[in-house]
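Quick notes on the structure that follows.
The values are calculated or read from the model by the stated rules, or taken from the named source; none is laboratory data. For clarity, every value in this text was computed on a predicted model and none was experimentally measured. Cβ placement follows ideal geometry from the backbone for every residue including glycine, while neighbour counts extend to all protein chains displayed.
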Amino acid sequence: MGPIGENEFFFLMQGLRWTVLLAIVGFIGGGIFGILIALLRTSKTKVARTITAGYISVFQGTPLLMQLFVVYYGVALLGFEVNAWIAVAIAFTLHASAFLGEIWRGSIEAVPKGQTEAANALGLHYVSRMKDVILPQALKISMPATIGFLVQLIKGTSLAAIVGFIELTRAGYIISNQTYRPLLVFGIVGAIYFIICWPLSYAGSGLEKRMAKAAR
Amino acid sequence: MLNSANDQPTLISLEDVQKWYGAFHALKSISLSVRKGEKIVLCGPSGSGKSTLIRCINALETIEDGKIVVEGQALDGSTKSVDAIRREVGMVFQSFNLFPHMTVLQNCTLAPMRVRGTSHTDAERLARKYLERVRILDQAEKYPAQLSGGQQQRVAIARALCMEPKVMLFDEPTSALDPEMVKEVLDTMIGLARDGMTMICVTHEMGFARQVADRVIFMASGEIVEEAEPEVFFKSPKHERTKTFLGEILAHH
């Protein structure tokens with residue numbers, strides 16, 4: 001058994017950096033495309049609705065691990081040279097956009113119909129109607145679920161290890177192999193995840209309670 | 001009657017309008033013309049199509065057949081015609097439908113800025129003018145949820161007025177209000193009528209109809225059953241259904 005000292009801890013922190021970076025990339029990429037998915041999913045055009053519904057079903061119905069595999073090796077098979085970063089960024093973006101798109105679709109539909117009617121009666125066009133009236137309200141409605149998904153995404157980044165990322169979980173695995181102290185190492189790794197995720201979950205449920213109160 | 005609008009040009013005309021919801025015939029061959037400055041009260045039992053009728057005028061509902069013309073612009077389903085008509089037609093809803101995430105002032109400035117391209121300063125000046133007119137300027141910085149129902153509805157009226165419409169449609173504007181708040185909204189509407197606004201109001205407030213309306217139109221089962229000046233309408237309704245309806249409504253009040 002080896003000691004767990006400064007070096008080991010530093011190594012874990014480097015892993016944590018990747019975990020956070022991956023989650024941020026997935027959340028931002030997924031957020032941008034997720035809005036698009038949600039808007040198409042709620043559009044008047046049936047083709048757009050059907051296609052996005054299919055997209056959501058595929059990415060919600062398959063494991064993230066498999067999605068990472070397919071993007072990482074699939075893109076290479078198509079003859080493109082991609083580094084792991086780009087492949088993983090694409091995979092997380094696709095994955096997150098499907099989930100966020102579906103969450104936000106629900107929120108957009110939860111905004112009372114009278115809001116759209118009032119905006120229409122005032123002559124507001126689609127862009128203003130969405131940007132100024134519907135989306136701000138939908139975003140508020142979606143906050144608890146969005147935060148919940150962010151927590152899932154942070155934990156899901158551990159799967160990026162499969163294509164060679166030494167993120168937090170993978171870093172823990174390596175340290176554990178070096179020191180033969182799996183319980184201690186993964187205890188620390190788990191605590192780090194918890195320190196990041198718990199405040200988010202707490203904020204999410206707090207928001208939910210506040211909104212339930214406001215709705216009464 | 002506040003004024004005689006007989007010599008005024010026609011602002012809205014509906015010709016043989018047909019509206020279906022699936023197999024339900026909601027509007028049966030409705031023809032109606034409204035002159036500039038006219039105030040019309042639409043009444044009738046629930047499900048008679050009166051709300052549907054005014055919602056067709058600003059294209060919140062589509063029609064299956066017939067013709068709707070507002071200020072010379074025919075509603076042909078094109079975005080251009082819908083835009084043109086919505087610029088001239090303001091609407092007030094039963095449930096106010098104010099934007100809850102915006103202040104009263106922002107509620108009023110949004111459409112002029114986005115639709116008419118009014119500058120922020122001008123839009124605010126306009127908003128303050130109309131908020132003053134509905135006597136609620138002191139609440140301009142508040143959010144809708146902080147206001148009473150009557151205040152919210154007055155803000156909704158001001159919001160519609162900020163687009164400086166030629167016609168105002170009211171869809172049961174006092175039905176969702178507590179009784180003590182009905183008057184403040186009706187007074188606002190009476191004020192508007194006095195200033196010469198063309199108005200079509202779906203309402204069961206018969207006192208308002210008596211005081212303001214040039215014509216009262218009674219609808220049932222998607223048809224215009226009877227229309228007359230308020231004097232005639234209330235004193236000597238011709239149709240049996242009108243009599244029954246009036247009996248119920250007036251007994252209720």
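The residues of region A:69-118 include none that are touching a residue at least 24 places away in the same chain (Cβ under 8 Å), surrounded by fewer than 18 Cβ atoms within 10 Å (Cβ to Cβ) and not in a helix (DSSP H, G or I). Of B:E180, B:E124, all but one fail to be away from chain A (no Cβ under 14 Å), assigned to a helix (DSSP H, G or I) and closer than 24 Å to B:R87 by Cα; the exception is B:E124. Only one of the numbered conditions (1) surrounded by 14 or more Cβ atoms within 10 Å (Cβ to Cβ); (2) closer than 23 Å to A:H125 by Cα; (3) not hydrophobic (A, V, I, L, M, F, W, C) is not met by B:R35, and that is (2).
Residue count for region A:119-148, restricted to those that are in contact (Cβ under 8 Å) with a residue 12 or more places away in the chain and of a type outside the set (D, E, K, R): 16. When region A:156-207 is limited to residues that are under 30 Å from A:A145 (Cβ atoms) and outside any helix (DSSP H, G or I), the one that is modelled with the highest pLDDT turns out to be A:E167. If the condition is being over 14 Å from A:A121 (Cα atoms) and either outside any helix (DSSP H, G or I) or more than 10 Å from chain A (Cβ to nearest Cβ) (or both), then region B:96-115 contributes B:P100, B:H101, B:M102, B:T103, B:V104, B:L105, B:T109. Suppose we keep only residues that are out of contact with any Asp or Glu (no Cβ under 9 Å at 6 or more places or on another chain) and facing chain A (nearest Cβ under 9 Å) within region B:59-81. Which one would you say is nearest to B:P165 (Cα to Cα)? By that ranking, first place goes to B:A59. Has region A:39-56 got at least one residue that is among the hydroxyl-bearing types (S, T, Y), at pLDDT below 95 and surrounded by fewer than 16 Cβ atoms within 10 Å (Cβ to Cβ)? The answer is yes; a qualifying residue exists. Identify the residue in region B:42-74 that is of a type in the set (D, E) and part of a loop (DSSP other than H, G, I, E, B) and, among all such residues, is nearest to the chain's Cα centre (by Cα). Among those that are of a type in the set (D, E) and part of a loop (DSSP other than H, G, I, E, B), it is B:E61.
Scanning region B:183-201 for residues that are at negative phi and in a loop (DSSP other than H, G, I, E, B), we see that the one that is modelled with the lowest pLDDT is B:D195. Filtered by the rule that a residue be crowded, with 17+ Cβ neighbours inside 10 Å, at the interface with another protein chain (Cβ under 8 Å from one of its Cβ atoms) and part of a helix (DSSP H, G or I), region A:122-144 gives A:S128, A:D132, A:V133, A:Q137. Taking region B:168-207 as the range and being among the basic types (K, R) and over 19 Å from B:G90 (Cβ atoms) as the test, only B:K183 passes. In this structure, B:I30 does satisfy being away from chain A (no Cβ under 14 Å), among the hydrophobic types (A, V, I, L, M, F, W, C) and either under 23 Å from B:H204 (Cα atoms) or free of Cβ contacts under 8 Å to residues at least 60 places away in the same chain (or both). Looking at region A:18-51, which of its residues are assigned to a helix (DSSP H, G or I), free of Cβ contacts under 8 Å to residues at least 60 places away in the same chain and basic (K, R)? Within region A:18-51, A:K46, A:R49 meet the criteria. Remark: A:Q60 matches the filter, which requires a residue to be exposed (fewer than 15 other Cβ atoms within 10 Å of the Cβ), more than 13 Å from every other protein chain (Cβ to nearest Cβ) and in contact (Cβ under 8 Å) with a residue 24 or more places away in the chain. Of all the numbered requirements in (1) without any contact (Cβ under 8 Å) to a residue 40 or more places away in the chain; (2) in contact with a helix residue (DSSP H, G or I) (Cβ under 8 Å, 6 or more places away or on another chain); (3) not hydrophobic (A, V, I, L, M, F, W, C), B:K243 misses one, and that requirement is (2).
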